[in-house]
Structures are given as C-alpha cells and as structure tokens.
1. Quick one: if you stick a label point 7 Å off each Cα along the C-beta vector at residue 32 and residue 151, how many nm between them?
2. If you take the beta carbon distance between residue 223 and residue 177 as r and set R0 to 30 Å, what does 1/(1 + (r/R0)^6) give as a FRET efficiency, to the nearest 0.05?
3. Given N residues in region 5-80, what is Rg(Cα) / (2.2 N^0.38 Å)?
4. How much length, in nm to one decimal, is gained on full extension between residue 290 and residue 72, taken as 0.36 nm per residue of separation minus their Cα-Cα distance?
5. Taking 0.36 nm per residue of sequence separation and subtracting the Cα-Cα distance, how much length would be gained by fully extending the chain between residue 82 and residue 48, in nm to one decimal?
6. Net charge around residue 233, counting only other residues with Cβ within less than 14 Å of its Cβ (Lys, Arg = +1; Asp, Glu = -1)?
7. Using the Kirkwood radius over C-alpha pairs as Rh, can you work out the diffusion coefficient of region 107-229 via Stokes-Einstein at 20 °C, viscosity 1.002 mPa s, in µm² per second?
8. Please report how far the C-alpha centroid of region 120-163 lies from that of region 23-51, rounded to the nearest whole angstrom.
Amino acid sequence: MIDDIYRIDKVRARASFGRAADTYDAAAVLQKQVREEMLSRLDLVKINPQVILDAGCGTGAASHALQKRFKKSQVVSLDFALPMLQKTRSTGANVDFLRHFKTLFGGAKQSLLCADIESLPLANASAGLIWSNLAIQWCNDLDAALQEFHRVLQPEGLLMFSTFGPDTLKELRVATSQKTSDEGSHTSVNRFIDMHDIGDALVRAGFSAPVLDVERFTLTYDDVKGVMRDLKSIGAHNATDGRARGLQGRGFFTKLEENYEQFRLGAKSDGGKLPATFEVVYGHAWRGKDKPVFDDGVSPVTFRPRNK
C-alpha cells in the first residue's frame, strides 16, 4: 500500500496542471534547463527511433525539440491534462482529437494523446524512444509506470527521463511542517522518491544498464510569494492524499513567511534572497533484446558441440 504522503490525488493534480497551461511556459525555468540538459545527453547515444513517446509532455516544448532532432520520427505527445495538450496543439501539433487512435501511427508526424503514464493506451513494443521530463513524480505507482514504459518500448529501445528527488523544496517543507497555528502543523509539499529506489524499480521493470545521477538547482526569490507564485504557475501544488486539508488563510501564510526567513541568503536589507532547492534525478536505461521462448513459456536451452 502506498503511503498517503506519496499517493497523488490524480483528479486534483490534473485540474491543477490544466489551470496552469496558460502560465506554464513563462514560469517553467527549471523545466527548460532540465530539458536542455536531457537533449544534450542524447548527443551521446546513437539512435534513430521511428516512434518517440513524450510521456508527460506538458505544453510540448520537448516534443517539438525531439521532432526537430529526429525529423523522420513520429512523436506521440502524451499528458493527462487536456489543456496542456491543447497548448501543444496550438504551438505546432496537427491532430484530430476524435481520430487520434486511428492516426496514431499514420502519416502525421506528431500525435496528441490524453492519458495516464501508469496505463498507456499504446501497443507493445511500439516506440523506439520514451522521453519523460519531470513527470513521473506525479505517478502513484512508479513500478507500474516503469513497467508500462518497458512494455511500450521496442527491444533495444531507450528510456530517458528526469524526476524530482527528496531534497526538492526542502526549505518549503521545513517551513510548512513547523507549527503554523495552535491546532498543529500543515504539510504542503509533495514527497519525492530517492534515486536509489528509482534504480531498483528500473531493474524490477526489466530494464538493463540503468544509469542515474543527481543535479541540484537553487532558484532564488525576494519573498515567499514569489516561490508560491511560480509553483502555482506551473501547476505544482501539493496533490498528495496526506496533504493538509481545510482552509489555510492569512495566518497560515504569515507564519509560513516567518518560518521561511531562516533560509534567507544574507540580510534582506542587503538584497539577500530566499532559496528554493530542486533535486533533479536524471536517468536512462535500455530495454534488452527479447529472449526466445517456447509456447509453454520456457526459455530454450542452446547446446554447443563439444570441442574435440
């Protein structure tokens, strides 16, 4: 059973990202940096995928970059928030939403698909590259998501992804976990999975040669309102089932501002900024070649002639 601090309320998350579609690109500074880093890492591998899945495409910036890089490939842009897909569509995609299942692998170079990463409506072994930038942290079952990626990838296909690690927004987590009223404390920050647990999940899903590393980014703000404004603009609200319920009014925010001040970098009068830490986990792994099996599911045994 998934702990409430990790379980995502998908309805709330989908609505949050949908509302943020119009403001996402202007505020998604970190997402752009991570996307550019991931694209640079593609320079180190030689692949020529016929079909690419952009899993959790947001407003489609990576989909368009991948289409530009792999001009002969078909890009399937997938997101669970329809308004995000509509932004992708308005910035370059050409697809009929009512007919996307019929045209998914047809003549169009880019297709849009509104679906959940944990249950992909795609055929087995149908993609040569699966790309996912800062999206799988919104999954409730990481094992299920990675198993779906493995199923959809072709043998020798590549999975490349990024996600948030547990140090992400650590300052905000501390500030909101401290008592904010006489009634107790609030928790307003999602929890994220450790890199080593992600690596174990990749192995369980059947991937070979997984490689993971971590990079930390620090964004700075004049005040807490700036932090919260950016999070709202990209739809990154706390959507866990274990989040604080009920109203969090002016008293809560005043106390949050006071608690966050302990992290200010230098004196406020001297222009000291408030930091917001983001721990980004990068990963890539390959789906290995399928082993031949008999009808009964038993792997065949190969006998070699004895050397004379």
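1. 3.7 nm
2. Step by step, r from the Cβ atoms, then E = 0.90.
3. 1.25
4. Result: 75.9 nm gained on full extension.
5. Working it through step by step, the gained length comes to 9.3 nm.
6. +3
7. Estimated via Stokes-Einstein, D reaches 126 µm²/s.
8. 16 Å
Rule-based calculations on the coordinates, nothing more; no lab input. Because the structure is a prediction, the values reported are computed rather than measured. Cβ: placed from backbone, ideal geometry, glycine included. Neighbour counts: every protein chain shown.
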